[in-house]
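For reference, the structure is listed below as structure tokens.
No lab work stands behind these numbers, since they all come straight from the coordinates. Just so it is clear, the model here is predicted, and its values are computed rather than measured. Positions of Cβ are backbone-derived with ideal geometry, glycine not excepted, and every protein chain shown enters the neighbour counts.
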Amino acid sequence: MTVRPIRPGDVPAVVGLVRELADYERALDQVRLTEEQLTACLFGDSPALFGHVAEHDGQVVGAALWFLNFSTWRGTHGIYLEDLYVQPGHRGRGLGRELLRTLAALCVERGYSRLEWSVLDWNTPSIGFYRAVGAVPMDDWTVFRLTDDALSSFAAPQH
């Protein structure tokens, strides 16, 4: 078992893992991510996305994709974990825990004040895992999102 920063050669496997995660989350039809997009975001001129992979016997079987956020109240960056996924056949070996621990260690090492992520309300196995590592839900907060037509409509100049 190995957890390491993502490399360009890992991109096809990571795109596959993102698709598996979306399928698990009942949203595969919403995935538009391509290998080219992920490569550009991770390894382009100004990367704003970062990642780690979990390997078992030399194969990528899990991934964490993340980016920096910022807390104005704490005055420091943090890590926002966009995706954390380990293939079902490789769960229970500590790979998900090690991916998450690696990001926590990065936060501590770099002086970031927090590690955050979202989880679907019905995903009780993940919620149990997150609680077991000491994470707490932010029940007083609701996530809002603008996408697709609503985003375009709101972005248009108002006359």
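Loop-located chymotrypsin sites (Phe, Trp or Tyr not before Pro) across region 79-136 with a Cβ neighbour count of 12 or fewer within 10 Å are 122, with loop assigned by DSSP.
Rank 50, 144, 70 by mean-square fluctuation in a GNM of the chain with C-alpha springs under 10 angstrom and give only the top-ranked residue. Most flexible of the set in this elastic network: 144. Evaluated at q = 0.16, 0.18 Å⁻¹, the base-10 log of the normalised Debye intensity for the chain, with identical point scatterers placed on the Cα atoms, takes the values -1.05, -1.31.
Given charges of +1 on the Cβ of Lys and Arg and -1 on the Cβ of Asp and Glu, with all other atoms neutral, how large is the dipole of region 92-159 about its Cα centre, in debye to the nearest 20? Can you show the working numbers first?
Details: 7 positive and 8 negative charges, 83 e Å.
With Lys and Arg at +1 and Asp and Glu at -1, about 400 debye.
What the Cβ-Cβ distance of residue 67 and residue 136 gives, at R0 = 25 Å and to the nearest 0.05, is a FRET efficiency of 0.70.
Rounded to the nearest 500, what is the chain's calculated 222 nm mean residue ellipticity when only DSSP H runs of at least 4 contribute -39500 (n - 2.57) each, over all residues? Don't skip to the answer; put the middle values down first.
On the way: 5 runs with 56 residues, N = 159.
It comes out at -10500 deg cm²/dmol, rounded to the nearest 500.
About its Cα centre, the dipole of the chain is roughly 560 debye, where the only charges are +1 on Lys and Arg Cβ and -1 on Asp and Glu Cβ. With θ taken as phi - 60° and the Karplus curve 6.51 cos²θ - 1.76 cosθ + 1.60 applied, the whole-hertz 3J(HN,Hα) list for region 67-77 is 8, 7, 10, 9, 9, 5, 6, 8, x, 9, 6 Hz, x standing for glycine and proline. Scanning the chain for trypsin sites (Lys or Arg not before Pro) lying in DSSP loops with no more than 12 further Cβ atoms inside 10 Å, the longest uninterrupted stretch between such sites is 75-144.
Looking at the chain as a GNM with Cα springs under 10 Å, which of 76, 34, 142 has the largest mean-square fluctuation? Largest GNM mean-square fluctuation: 142. For the pair residue 40 and residue 156, a Förster radius of 30 Å applied to the C-beta separation gives a FRET efficiency near 0.65, rounded to the nearest 0.05.
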